[in-house]
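A short worksheet on the structure shown next.
The values are calculated or read from the model by the stated rules, or taken from the named source; none is laboratory data. All values reported here derive from a predicted model rather than from experimental measurement. Virtual Cβ from ideal backbone geometry, glycine too; neighbours counted across all protein chains shown.
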Amino acid sequence: MTTPSHAPTFPSGHPFDDTWFAPELVVPYEGQERMRLHFGKGISNLTLRAGAGETALVRGHFDGLFPSVSVAGDEVSIRYRRLGIADWLGGVLRGEEASANLVLHPGVIWELVFRGGASRLEVDLRDGRLAGLEISGGASDVRLTLPAPDAVVPLRIRGGASELAIRRPANAPVGVQVRGGICCFQLDSRHIGAIGGPISLESDGWSAAAARYDLQLTGGASGLCVAS
């Protein structure tokens, strides 16, 4: 078997069909400039951050269940087999609650993709770079701390959101579009109650800014806060 480029390594695991299973993860950094981190079947109890001094492309630790991890081209894929968002929201499988803690290389421009939903997710990229973020399948109890944008950075959340908090630098403009109704929405100092139809708000300077965040949320939202 040929070991793929940028192969993950584990203290106590070994490769099988280009996929690895182990509690500790190290994906080596080999000069990559832009990467996608893809979660394929829903995720819960994940802490994800850019480490200011991190030298690996991705370094992580998993408690409980171990996912499969594969690297192909410019994508790192993490997948918990046979699990969907319904399993994650239950929180317990076989008497164990799965969780993960991942640290990303700060010099890489990251695109984050979560398929199948995200629950109890905390992302802190203050020391990193972000090209875009997508959550499909719903978001529940999600906290995002974002870096200063280099360009127009799309944030896409599909399937509804509950208790979503987004924090970005004070000088980073953001535009927010919500389709499907909203209950309790805060954009900086503006507070809005329940609205049944679509809503669109922008922070100061958004339309003229070359570097900004563009948040689009479909499926409705409850408890949405976007602040600096």
Total residues in region 138-196, condition among the small types (Gly, Ala, Ser), touching a residue at least 24 places away in the same chain (Cβ under 8 Å) and closer than 19 Å to residue 206 by Cβ:
5
Answer residue from region 135-176, given it is surrounded by fewer than 19 Cβ atoms within 10 Å (Cβ to Cβ) and of a type in the set (A, V, I, L, M, F, W, C) and is nearest to residue 45 (Cα to Cα) among those
165
Among (1) in contact with a Pro (Cβ under 8 Å, 6 or more places away or on another chain); (2) surrounded by 17 or more Cβ atoms within 10 Å (Cβ to Cβ); (3) more than 21 Å from residue 120 (Cβ to Cβ), which single condition is residue 35 missing?
(1)
I need the full set of residues from region 121-134 which are more than 11 Å from the chain's Cα centre (by Cα) and surrounded by 19 or more Cβ atoms within 10 Å (Cβ to Cβ), in order please.
128, 129
Determine the pairs where a residue that is at positive phi, located within region 41-52, has a partner that is among the basic types (Lys, Arg) with Cβ atoms under 7 Å apart, the partner being 6 or more residues away or on another chain.
45/120
The strands (runs of 3 or more DSSP E) lying wholly within region 124-187 that contain at least 1 residues that are farther than 28 Å from residue 53 by Cβ and not assigned by TED's automatic domain parsing to the domain that holds residue 101 are 152-158, 161-167, 174-179, 182-187
